[in-house]
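The values are calculated or read from the model by the stated rules, or taken from the named source; none is laboratory data. Quantities reported herein were computed from a predicted structural model and do not represent experimental measurements. Here the Cβ is made from the backbone with ideal geometry for all residues, glycine too, and neighbour counts use every protein chain on show. For the accessible areas, the whole protein counts, side chains as well, though only heavy atoms, and no ligand, DNA or RNA atoms are used. Shrake-Rupley method; radii C 1.70, N 1.55, O 1.52, S 1.80 Å.
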Amino acid sequence: RAARCRTIAELRALAKRSVPKPIFDYADGAAWDEVTARRNLAAFEDVTLHPKALTDVSAVDLRTTILGGEVALPIIAAPTGLTGLQHPDGEVAIARAAHRAGTITTVSTMASCTLEEVAEASAGRRWFQLYVMSDRGLVDELLARATDNGYEALVLTVDVQVAGVRERDVRNGFSVPPRISLRTLAQGVAHPRWSAGFVANPRMVPANLGWEGSASATLAASVNKAFDPTVTWDDLADLRSRWKGPVIVKGVMRADDAQRCVEHGADALVVSNHGGRQLDGAAASIEALPAIADAVGDRAELYLDSGIRRGTDIVKALALGARAVMIGRALMYGIGAAGEAGARRAFGILDAELRVALALAGYPRAADLGMDAVSVR
Ligand code: HOC
């Protein structure tokens, strides 16, 4: 079924039909009025391309290097929480699809699969995304497990100081572990394929945090209980000194913060507003990128997430200074639509669109894109 989807929008539509509404809404939804989520998409329309004429584009090359290692395309799987609710293979399926596409996967602190399961299932490059918990013993344990299981980089997310208010989740009574009610049972009956997967392998809670057996609560309440809202630059300095591999800070939206991250030894930054899922009203990530690229120069690699739905979005992000993009929702839609096959389809769609977009833009090598390729309205 996923093979018939020609665009990420079609994968989204298939996911919407395939999984219960609260599960789809968790992935698709965003904070408050979802203004920033919409802006993440719309702002790409304000970046226009200036195609270069009379260039040989017979061989398009998507390869680039990320933190010193080559990837086949400038797309990285973003960390996504509770992915196993969309499909029980969750992060394992995303890791396999990313490896097959020739790129890196990022496993979230809130992942449905354990760090060990993902490492066993895929030999591809993998990063570990950390939320700093009040229980620092748990943080130490997660870091040790990530190191032991070959996670090469630490991605510290800094935009979930407290839980964003996602009103679709509130209205749907979305909770962790899911509360079984007449309404959810009816949703299950209406989605028999999803239900069969869920019954066979119920991925009810984040798998790495010891939440099994805990009482059902809203995701926001659980996050506000577990995450540490006192995290500051001192914590970044501390993590930098303790993590031996590269450190990536995710959720940077300001040039001054970007500079400070570099001064604290960050190797890379993800320009991100968490897909509009945290502070509604925040600028679009693509709007924040140029000033950050200007401030950071070549002192750190930049990646961008939030709003990537088309190959042309990737061209624009690379031209404005990103070395690669991260995709979250595109993969969640793929997983919801068809598990690993859907995640592969998401990579396949963006790979194919990116090749055509680069050829038409007159840049056969993705890594050659620069500011001259675009203007920002
Ligand atoms: C409500 C806060 O990244 C997501 C994940 C998990 C983050 C914490 C949820 O849902 O955006």
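Looking only at the range 6-23, decide whether some residue is within 16 Å of the ligand (Cβ to nearest atom), surrounded by fewer than 22 Cβ atoms within 10 Å (Cβ to Cβ) and either over 23 Å from ILE314 (Cβ atoms) or touching a residue at least 24 places away in the same chain (Cβ under 8 Å) (or both). Yes, some residue in the range 6-23 is within 16 Å of the ligand (Cβ to nearest atom), surrounded by fewer than 22 Cβ atoms within 10 Å (Cβ to Cβ) and either over 23 Å from ILE314 (Cβ atoms) or touching a residue at least 24 places away in the same chain (Cβ under 8 Å) (or both). Is it true that some residue in the range 310-327 is within 30 Å of PHE198 (Cα to Cα), touching a helix residue (DSSP H, G or I) at 6+ places or on another chain (Cβ under 8 Å) and surrounded by fewer than 24 Cβ atoms within 10 Å (Cβ to Cβ)? No: zero hits. Scan the range 173-195 residue by residue and report those that are touching a Gly at 6+ places or on another chain (Cβ under 9 Å), in a helix (DSSP H, G or I) and closer than 20 Å to SER112 by Cα. Across the range 173-195, the qualifying residues are THR184, TRP194, SER195.
Residues considered: ARG145, ARG171, ARG126. Of these, the only one that is modelled with pLDDT of 95 or more, of a type in the set (D, E, K, R) and within 16 Å of the ligand (Cβ to nearest atom) is ARG171. Note on the range 219-254: residues that are touching an Asp or Glu at 6+ places or on another chain (Cβ under 7 Å) and either on the phi < 0 side of the Ramachandran plot or loosely packed, with under 14 Cβ neighbours inside 10 Å (or both) amount to 5.
Of all residues in the range 212-224, those that are farther than 10 Å from SER175 by Cβ have Cβ atoms under 9 Å from Cβ atoms of residues that are of a type outside the set (Ser, Thr, Tyr) and near the ligand (Cβ under 9 Å from one of its atoms), 6 or more apart or on another chain, in VAL223/MET110; VAL223/VAL160; VAL223/VAL162; VAL223/ALA163; ASN224/VAL162; ASN224/ALA163.
Among the conditions (1) among the hydrophobic types (A, V, I, L, M, F, W, C); (2) away from the ligand (no atom under 16 Å from the Cβ); (3) open to solvent by 40 Å² or more (accessible area, probe 1.4 Å), LEU279 misses just one, which is (2). Looking only at the range 63-82, decide whether some residue is within 18 Å of ASP351 (Cα to Cα), among the acidic types (Asp, Glu), open to solvent by 10 Å² or more (accessible area, probe 1.4 Å) and more than 16 Å from the ligand (Cβ to nearest atom). Yes, some residue in the range 63-82 is within 18 Å of ASP351 (Cα to Cα), among the acidic types (Asp, Glu), open to solvent by 10 Å² or more (accessible area, probe 1.4 Å) and more than 16 Å from the ligand (Cβ to nearest atom).
Tallying residues that are over 18 Å from ASP159 (Cβ atoms) and open to solvent by 20 Å² or more (accessible area, probe 1.4 Å) within the range 39-52 yields 9. Keeping to the range 260-270, report how many residues are crowded, with 17+ Cβ neighbours inside 10 Å and either in contact with a His (Cβ under 7 Å, 6 or more places away or on another chain) or farther than 22 Å from TYR151 by Cβ (or both). Residues that pass the stated criteria total 1. Note on the range 99-118: among residues that are within 12 Å of the chain's Cα centre (by Cα) and away from the ligand (no atom under 14 Å from the Cβ), the one that is farthest from MET332 (Cα to Cα) is ILE104.
Residue by residue through the range 85-121, note down the ones that are open to solvent by 10 Å² or more (accessible area, probe 1.4 Å) and hydroxyl-bearing (Ser, Thr, Tyr). Within the range 85-121, THR114 is the sole residue that qualifies. Filtering LEU138, LEU143, LEU156 for residues that are surrounded by 14 or more Cβ atoms within 10 Å (Cβ to Cβ) and either in a loop (DSSP other than H, G, I, E, B) or under 18 Å from the mean Cα position of the chain (by Cα) (or both) leaves a single hit, LEU156.
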